[in-house]
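Here's the structure, in structure tokens; my notes come after.
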Amino acid sequence: MKEQTALRVAIAAGVASLLTVGLLGYRLLNHTSPESVGRPPGLISAQALTPEEAKVAVDAIFALNLPDLDGRPQPIAQWRGKVLVVNFWASWCKPCVDEMPALSRMNSHYTAWGVQFVGIGVDAAEKLAAFVRTTPVSYPVLVASPAAAMPGLQVKGLPYTVVIGRDGRIEMTRLGRIDEESLEPVLRRLIGQ
């Protein structure tokens with residue numbers, strides 16, 4: 001009798017855990033959260049940044065000077081004045097990997113309008129290079145070691161995407177997988193289409 005009770009408790013705990021994880025995943029990926037009501041289409045945010053926090057974050061991004069996959073330093077500031085889509089990712093992160101083909105397509109499409117995508121891999125350089133060999137990406141991939149400190153940036157999980165307008169202001173942030181339907185309206189607005 002005690003074994004049956006223990007088994008029932010274990011099953012109930014497992015089901016409760018699965019439901020909790022499912023609910024958290026749904027809330028993370030749900031684009032119609034209460035916080036997004038009233039925002040223009042495609043303007044979603046992982047966190048509300050104060051103007052001061054946003055300025056610190058933009059300054060921190062433009063201060064980054066990270067190696068590309070060939071080891072050459074690439075200052076993010078070289079893309080100042082463009083619409084900049086910065087995507088923090090890792091090769092072990094499934095949502096990161098899932099969104100990369102869409103980001104690559106959008107980069108190819110929007111480059112002519114002055115939009116620059118940059119992937120910042122928070123992973124070992126060898127793992128990032130191996131990933132890009134099997135899944136080509138049409139934009140620069142830079143390497144930020146997982147232990148690297150990025151003062152001023154509030155990257156609380158992966159994938160994390162930041163869109164910066166030509167004027168240097170954050171136009172959108174997204175923690176979690178991003179898709180074309182969410183990002184394209186923001187890009188079209190920023191390029192005047």
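Residues whose amide H lies under 5 Å from that of Ile120, counting only those 5 or more places away or on a different chain, are Asn87, Phe88, Trp89, Leu142; hydrogens are built 1.01 Å from N in the peptide plane.
Could you tell me whether the stretch 77-118 comes out rounded, prolate or oblate from its Cα gyration tensor? Rule is a ≥ b ≥ c as square roots of the eigenvalues, rounded for a/c under 1.5, then prolate if a/b exceeds b/c, otherwise oblate.
Oblate, because a/c is 1.5 or more while a/b does not exceed b/c.
Within the shell defined by Cβ-Cβ distances under 15 Å, the residues around Asp167 carry a net charge of +4, with Lys and Arg each +1 and Asp and Glu each -1.
Rounded to the nearest Hz, the phi-derived 3J(HN,Hα) couplings of the stretch 71-85 under the Karplus curve 6.51 cos²θ - 1.76 cosθ + 1.60 (θ = phi - 60°) are x, 7, x, 10, x, 4, 4, 5, 9, 4, x, 9, 6, 10, 10, where x marks glycine and proline. Between Gln74 and Leu66, Asp68, the built amide H atoms are under 5 Å apart, and every one of these is 5 or more places off in sequence or on another chain. Taking θ as phi - 60° and the Karplus parameters 6.51, -1.76 and 1.60, the scalar couplings of the stretch 174-182 work out to 8, 9, x, 4, 10, 10, 4, 5, 8 Hz in sequence order, x denoting glycine and proline. Quick one: grab the alpha carbon gyration tensor of the stretch 42-191, order the square roots of its eigenvalues as a ≥ b ≥ c, and give me rounded if a/c is under 1.5, else prolate or oblate depending on whether a/b is larger than b/c. Judged from the Cα gyration tensor, the stretch 42-191 comes out rounded (a/c under 1.5). Taking θ as phi - 60° and the Karplus parameters 6.51, -1.76 and 1.60, the scalar couplings of the stretch 92-109 work out to 8, 9, 4, x, 5, 5, 5, 7, 5, x, 5, 4, 5, 4, 5, 4, 4, 6 Hz in sequence order, x denoting glycine and proline. Here the gap between Asp59 and Glu180, fully extended at 0.36 nm per residue and compared with their Cα-Cα distance, gives a gain of 40.9 nm.
FYI, it's all coordinate maths here, none of it is from the lab. Values in this document were obtained by computation on a predicted structure and should not be read as measured data. Neighbour counts run over all protein chains shown; Cβ positions are idealised from the backbone, glycine included.
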